[in-house]
Amino acid sequence: MRFWLRNDEMALEEMVQRLNAVSKRTDEIMHHDISPLCAADIQDQLQKRFAYLSGGRGQDGSPVITFPDYPAFGDVPDKEFQNVMTYLTSIPSLQDAGIGFILVIDRRQDKWTSVKASILRIAASFPANLQLVLVLRPTGFFQRTLSDLAFRFNRDDFKMKVPVIMLSSVPELHSYIDKSQLTEDLGGTLDYCHSRWLCHRTAIESFALLVKQTAQMLQAFGTELAETELPNDVQSTSSVLRAHTEKKDRAKEDMRLALDEGRSVLESIREPLARGPEQSPNQDQLDSQSTVQRLLAQLSETEAAFDEFWAKHQRKLEQCLQLRHFEQDFREVKAALDVLAQKITTFTDVGNSLAHVQHLLKDLASFEEKSSAVTQRARTLALEGEQLIELKHYAVDSIRPKCHELHQLCDQFAADVGQRRGLLGRALDLHGLLEASMKWCDEGIYLLASQPVDKCQAQDGAEAALQEVEKFLEMRAENKIQELSKIYQDYEPILTRDLLEHVQKVFRKQESVEEMFHRRQASLKKLAAKQTRPVQPVAPRPEAPAKSPCPSPGIRRGSEIHSSEGSVLRRGPYRRARSEVSEGRQGRGRSTGDEESLAVLRRHVMNELLDTERVYVEELLCILEGYAAEMDNPLMTHLISTGLQNKKDVLFGNMEEIYHFHNRIFLRELENYIDCPELVGRCFLERMEQFQVYEKYCQNKPRSESLWRQCSDCPFFQECQKKLDHKLSLDSYLLKPVQRITKYQLLLKEMLKYSKSCEGAEDLQEALSSILGILKAVNDSMHLIAITGYEGNLSDLGKLLMQGSFSVWTDHKKGHTKVKDLARFKPMQRHLFLHEKAVLFCKKREENGEGYEKAPSYSFKQSLNMTAVGITENVKGDAKKFEIWYNAREEVYIVQAPTPEIKAAWVSEIRKVLTSQLQACREASQHRALEQSHSLPLPAPAGTSPSKGNTKDVRKLEERKTDPLTLEGYVGPAPLPRPPEKGRGWSKTSNPPEAPEDNDGWSSAEEPVNSSDAEEEGRAGLRKLVPGKYTVTGLDEKGGPDALVLRSGDEVELVQEGDEGLWFVRNVSSGGEGWLPARNLSALLGQRGAPGCLSSPESSAGSALLSASSSCSESCAAALADLQG
């Protein structure tokens, strides 16, 4: 796009014409069109002063050129003489030069030959008209005489168009030219200084040249401006305007300097006249003064022409800049309006409840409030465009359509918002009507359920109940849905499929409740309409053989009192049957009323859950927008303290992640269960994994709390709180996620309380357990992050299963005896962390500080690898104690729990860990044995009795960890051990010498023989047998030919332990003896049998066969899971 339109081209042409005229007139003033010579060009020649223009005039105004006495006149080159003559004749005005010049040749001191040469030279090369030539001839007698004679006889040699007059003296010259027009050397009074005249002429001509150059410069500048391309953006247009303004300022400065120079020249011309007021200026001085004044006038006219052009050009540039600003703002505003129009199209939800619609209306109002800035900006921009049009902007055709479009977009957006508000308003009315109907139904059900059926059997009770029913139907009639078709007609624009089904469901429930009321009303009317009969108290007849089964006396006539015994007996069963029917009806009525009441209570709990969830989501959004987003606002940066900068993630944690989960997913799914609140547990179960975000938030809470305490006085928080109009500070809102996650378990408990007989009760119970598990994991994680001094990575220890504080005694074999004895009586307070792979012993440090800084810290003391750990469940003398032993009881820790329940929980959890290790050990051993079964030697058969040698063999087998054997590697039947010799009794070698007297321990190494079978039997074979009676639970083919033939359920007594998990037993009933696998023996109820002990392979001496494969347990790996506390 070209910058100049037609009117601008006309302005440029006008300025160019005016500047060309200035240049032309300048040339005319200086006669440069006739003679292009300047004084500066021939300044050296003029300084010789062989001819000068004094400014004198003849009687008719002819300019006088004086040739003073110049001895070297003949030596002046012709070119110099011609230049000086041409320049001097170009100075007077054309009018004066047209009259002709008067030449005064002073040769009084010269010779005739020089006079003759000078006259001939002047006559031959004078460039202008001559009127008269006056020659002052030589003053010497001889030269004067010679000149007279020579002039007379050589007159023809001076062939000039004007007369040449030879003058003998100066007085004769005065008769031709007045003394006032002659210089002092010719006897005149004319004030003339050749150097001053030359200076003035140089200055005048320099000023004239400056005026001409200025006009040409402005002309070129105007052309440059006219050819400038119009930029298409604000920045480029601003740059062009700034560059042009700078050039204009420089041009104006040049014109100012030129004007100052012209005024200075004019002042220098007037200065001699100012010094001598009695002297009148000569004509040349007047002409010079006039020339300078005319040049100043031309320069002023040049400046005026340029100023006029620049004003138009600047206005055009400014209008262009305004247009570019308008276009840029228009694009931004239009894009913002398009985004608003797109967002308003997403507001299609009409809500599924009254609270939901109110929430949608609040969202719409918030959206409208936020979008008001955009619409206000659009209308303001349209008003600015209209003002540009009124100011006759050159781009009216481009601005006017954009203004119309802005008005149209704003009006359309306002119409869309209004339409949306109208639909939500109607939805609010409809949901209000539905809520009122549901409330009417609930209150009606409450009323029907609260009326005691037994009291309604009496007339007074029936009348009172009937009045309650009729009053309720009369007073609350306006809350009911009158006509379903009218609802369809009035609310057709908002009736979606789900809402239509909801309306129909509410209407059906209303009809059902009305039917219940009508039935109750009809029944009560019948009961109230019964005739009252007098009651006569009659004493029972003593001789009556039987009494009526009715608990209270009936209302009978007198003849009925004396009825026969048979009639009484006949009425008895009938009345009893009627009483049972009545009681059944009352029971069903109470059951129906209770169920309705529970349904209403469930709805109340669900409404509380939804209402508090919406409030929670709004509060999170308010904090994220009002605080977190403002930390990135450049306008608020100056209010943020140095300690708070770049700490948004520390202060708010993952609150944004929590908000998106609840706003986009959980709240919407909760709303789907509004009609079936008893099933809401499924919603929690489906999203239970995503509730893990709270663990991350709670772990960051101490850092957030610490940062808040440091920066709570920051002006940024005060300004944000003021904008949000919050009464509470930010730290109160940062607690909202912690409070919310704890609120869910309370609501689930309430819902479960009213839903025990409903379909979703199991889901509610599971959801409650899961939420409590998350709370426990959160609590555990808060303790776990407080551990200090542990050099490894806690995550490598596996899932945190439990944590708690205990009193701990130590008893180590390798310790000093005195230290051991002292340790038995002085407990240590330790906080234990049970992981899948290790137990950590930590010391709880004192709690200092405030808030979260008051939370305890735990100093790491010791770690026990679970692959080398065993436990003893019971310690004599205290039901709260248990033992944790390490490396075959080289280290023993007696742990006392605060309560027996806590002890039981810890023992159970440790047993699970060790059992899982044992299972992994078995699987690894079985896999390795299957690969080596054909190459490994068979185990040696056991001896006939558990002798010392046998014990040594067992220990040797335990030490052969490089030669692992498993039960699966046992191929073929082996001979059974011989029965023990009589009289030897029970051998105590089955118990390890280090084992406590009450050996209630568990060890993952003490695996019974046939461990795979025992595992299938529910791990019954994991227990180590002790003396006593047992029950046979199954037979094993491994018994061999000498084995007893027993049936399941037979009672046997243990005699001797053999190898490979076999025991020598005696049948209590038959007295027979033989070998039987340990896995087929179950302790009798009441028998003091140890539940067994789990430990790692390195920590206990079990069967020799499994000990050889104990190293496989070290390959077990545990998965990470929730932390526990």
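The values are calculated or read from the model by the stated rules, or taken from the named source; none is laboratory data. It should be emphasised that the depicted structure is a prediction, and the values quoted were computed from it without experimental measurement. Virtual Cβ from ideal backbone geometry, glycine too; neighbours counted across all protein chains shown. The accessibility values were calculated without ligands, DNA or RNA, using every heavy atom of the protein model including side chains. Shrake-Rupley method; radii C 1.70, N 1.55, O 1.52, S 1.80 Å.
Couple of notes before you dig in:
- Tally, over region 470-489, of residues that are touching a residue at least 24 places away in the same chain (Cβ under 8 Å) and open to solvent by less than 80 Å² (accessible area, probe 1.4 Å): 7
- Some residue of region 62-73 being in a helix (DSSP H, G or I) and touching a residue at least 24 places away in the same chain (Cβ under 8 Å): yes
- Candidate set: region 459-469, residues that are without any contact (Cβ under 8 Å) to a residue 12 or more places away in the chain and exposed (fewer than 15 other Cβ atoms within 10 Å of the Cβ); chosen: the one nearest to the chain's Cα centre (by Cα): Gln467
- Boolean, Val240 is in a helix (DSSP H, G or I) and more than 22 Å from Gln298 (Cβ to Cβ): yes
Residue-wise test of (1) closer than 26 Å to Ile894 by Cβ; (2) at pLDDT 85 or above; (3) not acidic (Asp, Glu).
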residue: Leu734; (1), (2), (3): no, yes, yes
residue: Pro737; (1), (2), (3): no, yes, yes
residue: Met751; (1), (2), (3): no, yes, yes
residue: Ile774; (1), (2), (3): no, yes, yes
residue: Met782; (1), (2), (3): no, no, yes
residue: Leu797; (1), (2), (3): yes, yes, yes
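- Only residues that are over 22 Å from the mean Cα position of the chain (by Cα), free of Cβ contacts under 8 Å to residues at least 24 places away in the same chain and within 24 Å of Gln699 (Cβ to Cβ) were counted in region 729-762, giving 2.
- Among the candidates Leu409, Leu430, Leu447, residue that is under 30 Å from Lys505 (Cα atoms) and in contact (Cβ under 8 Å) with a residue 60 or more places away in the chain: Leu430
- Extreme residue, nearest to Gln358 (Cα to Cα), among residues of region 389-401 that are open to solvent by 20 Å² or more (accessible area, probe 1.4 Å) and either in contact (Cβ under 8 Å) with a residue 60 or more places away in the chain or among the aromatic types (Phe, Trp, Tyr) (or both): Ser398
- Answer from Ile102, Ile122 - the residue that is β-branched (Val, Ile, Thr) and modelled with pLDDT under 85: Ile122
- Any chance Pro77 is open to solvent by 10 Å² or more (accessible area, probe 1.4 Å) and not hydrophobic (A, V, I, L, M, F, W, C): yes
- Segments classed as strands (runs of 3 or more DSSP E), wholly inside region 828-942, with at least 1 members that are polar (S, T, N, Q) and either open to solvent by less than 60 Å² (accessible area, probe 1.4 Å) or at pLDDT 80 or above (or both): 828-835, 858-865, 869-872, 891-896
- Whichever residue in region 195-222 is of a type in the set (Ser, Thr, Tyr) and open to solvent by 50 Å² or more (accessible area, probe 1.4 Å) and, among such residues, is nearest to Leu296 (Cα to Cα): Ser206
- Subset of region 784-793 (residues that are of a type in the set (A, V, I, L, M) and either modelled with pLDDT under 85 or farther than 15 Å from His835 by Cβ (or both)): Leu784, Ile785, Ala786
- Residue in region 800-817 that is under 30 Å from Arg889 (Cβ atoms) and within 34 Å of the chain's Cα centre (by Cα) present: yes
- Which listed residue is open to solvent by less than 60 Å² (accessible area, probe 1.4 Å) and under 59 Å from the mean Cα position of the chain (by Cα), from Val265, Val240: Val240
- Scanning region 356-366 for residues that are of a type in the set (Gly, Ala, Ser), open to solvent by 50 Å² or more (accessible area, probe 1.4 Å), at pLDDT 90 or above and within 30 Å of Ile481 (Cβ to Cβ) turns up at least one hit.
- Residue ID - farthest from the chain's Cα centre (by Cα), chosen from residues in region 402-453 that are open to solvent by less than 30 Å² (accessible area, probe 1.4 Å) and of a type in the set (Val, Ile, Thr): Ile445
- Considering residues of region 365-396 that are touching a helix residue (DSSP H, G or I) at 6+ places or on another chain (Cβ under 6 Å) and hydrophobic (A, V, I, L, M, F, W, C) only, the residue nearest to Arg420 (Cα to Cα): Val374
- Restricted to helices (runs of 4 or more DSSP H) entirely inside region 723-789, those with at least 1 residues that are more than 29 Å from Leu621 (Cβ to Cβ) are 736-753, 761-784.
- Set Val84, Val133, Val162: member being closer than 25 Å to Ser175 by Cα and either modelled with pLDDT of 80 or more or in a strand (DSSP E or B) (or both): Val133
- Region 659-675, residues that are among the hydrophobic types (A, V, I, L, M, F, W, C), modelled with pLDDT of 90 or more and either outside any helix (DSSP H, G or I) or surrounded by fewer than 17 Cβ atoms within 10 Å (Cβ to Cβ) (or both): Ile665
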